[in-house]
Amino acid sequence: MDISMIIFLAVLALAAVYLVTLYNGLVSLKHNVVKSLANIDVLLKQRHDELPKLIETCKQYMKHEQETFEKVISARTSVASAQASGDINALGKAETTMRAGLGSLFALAENYPELQADETFKHLQRRISSIEDSIADRRELYNETVNNNNVRIEQFPDVLVANWFNFSSFKMLDFTQAELKDVDIKSLFQ
């Protein structure tokens, strides 16, 4: 075997190792996106399970707030539906509605000192608030993972491997305009 054949085989081996490394990196990113969304799903399920308990506790004290309860229950159903269908856009919108409904419910609870003193309510409020914070963190992580995936599949030379193996982009969980604007605290107490 002459030296030019050895050099050719070495270059070919290096190119193959490089392509395998690119492919494996793209596969890892794709699965990180799926895992990030699954982590959000776990938190949404936890919140979904806690909300009926919160509503029932509040109903005992807040007899005249049926409209608020219905908004939260309706938002809960919308989130579950969007989650089940895998519709990221609908999930983002439903999440906005859910967060607004919970904000209204907690604001209204301020008008009921007996409810505020109830240990079950305090526990559920802390639990749901903690879950909401975790959802926000996981949503940020999901969007970062989606961004990393989408950037990599468009960059050269990754785009060649991504196109060859049909890697696709993912949609981010977008914030609605209502979620981006300042909260009108005064309106929550009216």
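The values are calculated or read from the model by the stated rules, or taken from the named source; none is laboratory data. Because the structure is a prediction, the values reported are computed rather than measured. Don't worry about glycine lacking a Cβ; one is built from the backbone with ideal geometry, like all the others, and counts go over all protein chains shown.
Identify all residues within region 137-165 that are hydrophobic (A, V, I, L, M, F, W, C) and free of Cβ contacts under 8 Å to residues at least 24 places away in the same chain; write none if there are none.
Selection gives VAL151, PHE156, VAL159, LEU160, TRP164.
For LEU124, state whether it is over 22 Å from TYR142 (Cα atoms), in contact with a helix residue (DSSP H, G or I) (Cβ under 7 Å, 6 or more places away or on another chain) and at pLDDT 85 or above.
When the stated conditions are applied, LEU124 passes them.
Name the single residue that is farthest from the chain's Cα centre (by Cα) among those in region 142-177 being closer than 19 Å to ALA94 by Cα and assigned to a helix (DSSP H, G or I).
GLN177
For region 127-164, name all the residues that are over 30 Å from LYS53 (Cα atoms) and surrounded by fewer than 16 Cβ atoms within 10 Å (Cβ to Cβ).
Listed by number, the residues that qualify are GLU144, ASN147, ASN148, VAL151, GLU154, GLN155, PHE156, PRO157, VAL159, LEU160, ASN163, TRP164.
Would you kindly identify the helices (runs of 4 or more DSSP H) lying entirely within region 1-119 that contain at least 2 residues that are within 21 Å of the chain's Cα centre (by Cα) and either free of Cβ contacts under 8 Å to residues at least 60 places away in the same chain or under 24 Å from SER169 (Cβ atoms) (or both)?
Here the list reads 3-59, 66-85, 88-109.
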